[in-house]
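Here's the structure we're looking at; comments come further down.
No value in this document is a laboratory result; all are computed from the given coordinates. Bear in mind the structure is a predicted one, so any value in this text is a computation, not a measurement. Every residue, glycine among them, receives a Cβ derived from its backbone with ideal geometry; neighbour counts consider all protein chains shown.
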């Protein structure tokens, strides 16, 4: 198996910049000067263009990235239709819920657990060395079952994210005052979208990191048990 190209730290920073930082800055700083409509379109263009550029350069179908792209389009669509409140709360919860359901059923019906694509892949680990050790110890089937269980735990982390997203969005996207003008309503909605973008990142990040730490520890336990290898030793330097 050939060694795959690894994602660079700059790519991760670009992901944060185009999907979180730039949209928040635009929504907070340019609404008054550009107007709510044009500011919203400009803010949404950053994650949209980043998704298209990433797909063009990698030529790979990343379903989580596609769901994020659709989430961006729905955010813009809801805002342009001047929907509010529960619609945004349902949307924010819906996407991680769909991913969680996909990962959960993938654990039982998929040929390859999603955890292998997300974490235990050649971009991050020396998968060929792991497979060689499993074959030598004749524990490949046992390790595959361990991966399926790890996959289930991964799905639980998405369910938690869906719940937290719903609670946060339900409290941020409050009903706007009926006495506001159309421009004022658009500005207020842009402000809510901005708050959801950065607060969602902070509020969801910590529980997600805790879940990821548990999942990595459980994965490492299986690697030690069935391959007699250390997870850190398998990581690309």
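A few remarks follow.
- For the stretch 99-162 versus the stretch 166-217, the inter-centroid distance based on Cα atoms is 31 Å.
- Value of [θ]222 nm, deg cm²/dmol, for the chain, DSSP H segments ≥ 4, -39500 (n - 2.57) each, nearest 500: -26000 deg cm²/dmol
- Degrees between helix 63-80 axis and first principal axis of the chain (Cα, 0 to 90, nearest 10): 10 degrees
- Most mobile listed residue (118, 130, 27) in the chain, GNM with C-alpha springs under 10 Å: 118
- Sequence ranges 157-166, 223-232, ranked by mean other-Cβ count within 10 angstrom, highest first: 157-166, 223-232
- Residues of the stretch 121-137 with an amide N closer than 19 Å to a point placed 7 Å from the Cα of residue 57 along the Cα-to-Cβ direction: 123-124.
- Helix 127-137 axis, angle to the chain major axis (alpha carbon atoms, nearest 10°): 40 degrees
- In the stretch 9-234, the alpha-carbon atoms span a convex hull of 122 Å³ per residue.
- With a Förster radius of 25 Å applied to the C-beta separation of residue 198 and residue 236, the computed FRET efficiency comes to 0.20.
- Extension gain from residue 163 to residue 141, taking 0.36 nm per residue of separation minus the Cα-Cα distance: 4.5 nm
- The label point for residue 170 and the one for residue 132, both projected 7 Å from the Cα toward the Cβ, are 5.3 nm apart.
- Spin-label model, residue 71 to residue 156: label points 7 Å out along the Cα-to-beta-carbon direction sit 2.2 nm apart.
- Inter-label distance for residue 86 and residue 28, nm, one decimal - labels placed 7 Å from Cα along Cα-to-Cβ: 3.2 nm
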